[in-house]
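**Student:** After the structure tokens below, expect a handful of questions from me.
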Amino acid sequence: MSTIDIPSHQLLERILSLEIVRVTERAAVAAARLRGLGNEKAADQAAVDAMRRELNNLPIRGTIVIGEGERDEAPMLFIGEKVGRDTGPQMDIAVDPLEGTTLCAKNMPGAIATVALADGGTLLNAPDVYMEKIAIGPGYPKGVVDLDAPAEQNIANLAKAKGVKPTGITALILDRPRHADLIEAVRKTGAAVTLITDGDVAGVIHTADPEDTGIDIYLGIGGAPEGVLAAAALRCIGGQMQGRLVLDTEEKRQRAAHMGIKDLRKKYTMEEMVSGDCLFAATGVTTGSMLSGVKFHPEVIETETVVMRSATGTVRWIRAEHREHGSFISAEALGAPGAREMSRPCPARDIIWSGGRAIISPVGGDHTGVTMGTRLGLVALRPVEVAMLFLSFTLVALLALGLVI
Ligand code: VTB
């Protein structure tokens, strides 16, 4: 058997840029099975489990640097956890298996599964606190906006650099009471404000393509983990970003110090948050302005992923059709409603959920299903439909019997 020789310094760029897609795809599908069920925790847990499993398949010595929390509060993907096959390069990993848990639980647009891989020791070890953020896309002179400048100033500078009036600028801001003054200040300049309820990783990424997204600048306070992930993405596609941790209690300051942060008021540039080569990937869970959500069809699960490489700035949009459902966590394993009702063994079948329907797929793990459905091949049946079918068969049989007699 022939082997392909890839210099180790290209491993990250060449091999992992496709392997990483599987990581976010699996997490997205797992979370998507629980879309709209109002259970943020379950959806997040499903994504975490799936992502962790895939990360452990990668040929890397990985350390979770941005994760689900610190070890005692997060049993999996906690900060400091080692992942990968314990072979290959040392890598720092930032994960947000379900960015926008609320969006997923409410089946609202914009939930994603996301991950960033970077050379070991190059990602900011940020605690799970808030971060003040400002971000713009590529093509502007360095320093045209600044985290410490008033919003009015930033809008005016950006408008000038773009060659438009402030009315030609749109800022994206998380819709939170803490941003009331910021929103007012931006609107006073004549600039428009687009508000989002969650999902500021995608929010920051939007600034990279204002023509398409209509977003010129991201402003405001969001999660620090999301800040580092967004910085990784922007590092790949170009742009400017600054962030500062919000360490407003003694407990947070201690946590930050414990993680090696010396200057607690430091204003980080994008290059300081992600100081080496990195890869970023995100798969849509619910359809949003950046990515389509997971689609469950009878035979196929569809996903859409964006994967970016800082080394070359390549951005790949990968629309995948998955037929081997066995490699995804099944609905039943996740305790999706109704799964328990269908408890007859159905080897080599998987149940996928689509619009409240259990769909029995011809491939996959040894889960359970409606026997009738499996015999008919690839059909979607609700329990009530199975009962109707049974009744019809019985009626026909009785009629036939009557005719014979
Ligand atoms: C943002 C948003 C995330 O957290 O980072 C936000 O982008 C910040 O926290 O999707 P608050 O909700 O407390 O404002 C998320 O909403 C994820 O929880």
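Values in this text are rule-based calculations from the coordinates and carry no lab data. Owing to the predicted nature of the structure, the values given are computational and were not obtained by experimental measurement. Glycine also receives a Cβ, built like all others from the backbone with ideal geometry; neighbour counts cover every protein chain displayed.
**Student:** Where in segment 204-247 does the amide nitrogen come within less than 16 Å of the point 7 Å from the Cα of residue 194, taken along Cα to Cβ?
**Tutor:** Residues 204-220 qualify, since their backbone N sits under 16 Å from the label point.
**Student:** Counting other beta carbons within 10 Å of each residue's own, what order do 280, 296, 78 fall into, fewest first?
**Tutor:** Taking fewest neighbouring Cβ atoms as first place, the list is 78, 296, 280.
**Student:** Another question about this same structure. Using label points projected 7 Å from each Cα along Cα→Cβ, tell me how many nm separate residue 184 and residue 209, to one decimal.
**Tutor:** Placing both labels 7 Å beyond Cα along the Cβ direction yields 3.6 nm.
**Student:** For segment 235-251, take each phi angle, set θ = phi - 60°, evaluate the Karplus expression 6.51 cos²θ - 1.76 cosθ + 1.60, and give the result in whole Hz per residue in order, putting x for glycine and proline.
**Tutor:** 5, 6, 9, x, x, 10, 8, 10, x, 9, 5, 9, 10, 9, 9, 4, 4
**Student:** What is the sum of charges around residue 134, taking Lys and Arg as +1, Asp and Glu as -1, for the other residues whose C-beta is under 11 Å from the C-beta of residue 134?
**Tutor:** Spelling it out: positives minus negatives among the neighbours equals 0.
**Student:** Shifting gears a bit: Which FRET efficiency, nearest 0.05, do residue 254 and residue 299 yield, Cβ-Cβ r, R0 45 Å?
**Tutor:** The pair residue 254/residue 299 has a calculated efficiency of 0.25.
**Student:** Taking N as the number of residues in segment 130-273, what is its Cα Rg relative to 2.2 N^0.38 Å? Can you show the working numbers first?
**Tutor:** Details: Rg = 14.6 Å, N = 144, 2.2 N^0.38 = 14.5 Å.
Taking the Cα Rg and dividing by 2.2 N^0.38 Å, one obtains 1.01.
**Student:** Near the amide H of residue 66, under 5 Å away, which other amide H atoms are found, from residues 5 or more places off or on another chain, if H is placed in the peptide plane?
**Tutor:** Residues meeting the amide H criterion: 93, 94, 95.
**Student:** Identify, among 245, 138, 186, the residue whose Cα sits farthest towards the positive end of the charge dipole of segment 137-261, taking +1 on the Cβ of Lys and Arg and -1 on the Cβ of Asp and Glu, with the dipole about the Cα centre.
**Tutor:** Looking along the dipole axis, the top candidate is 138.
**Student:** In whole angstrom, how far apart do the alpha carbon centroids of segment 61-101 and segment 126-156 sit?
**Tutor:** 27 Å
**Student:** Report the gain in length on full extension from residue 167 to residue 391: 0.36 nm times residue separation, minus Cα-Cα distance, nm rounded to one decimal.
**Tutor:** 74.0 nm
**Student:** What lysines sit close enough to residue 162 to cross-link, taking a C-alpha to C-alpha distance under 23 Å and skipping anything fewer than 8 places away on the same chain?
**Tutor:** 133, 142, 188
**Student:** Further, regarding this structure: As I understand it, the dipole of segment 130-273 uses +1 on the Cβ of Lys and Arg and -1 on the Cβ of Asp and Glu, about the Cα centre. Which of 220, 259, 199 lies farthest toward its positive end?
**Tutor:** Projecting each Cα onto the dipole axis, the largest value belongs to 259.
**Student:** What is the sum of charges, Lys and Arg at +1 and Asp and Glu at -1, for the other residues whose Cβ falls under 12 Å from the Cβ of residue 319?
**Tutor:** Numbers: positive: 295, 316; negative: 25, 302, 304, 321.
Result for the local shell: -2.
**Student:** Quick check: net charge around residue 251, other residues with Cβ under 15 Å of its Cβ, Lys/Arg +1 and Asp/Glu -1?
**Tutor:** -3
**Student:** If you plug each phi of segment 163-168 into the Karplus form 6.51 cos²θ - 1.76 cosθ + 1.60 with θ = phi - 60°, what whole-Hz ³J(HN,Hα) values come out, in order, with x for Gly and Pro?
**Tutor:** In residue order, the calculated couplings are x, 10, 7, x, 5, x Hz.
**Student:** Here's another thing I want to ask about it. Using the beta-carbon distance between residue 82 and residue 18 and R0 = 22 Å, what value does 1/(1 + (r/R0)^6) give for FRET efficiency, to the nearest 0.05?
**Tutor:** 0.45
**Student:** May I pose another question? If amide H atoms are built 1.01 Å from N in the plane of the peptide, which residues on other chains or at least 5 residues away come under 5 Å of the amide H of residue 314?
**Tutor:** Those qualifying (amide H under 5 Å, at least 5 residues apart or on another chain) are 309.
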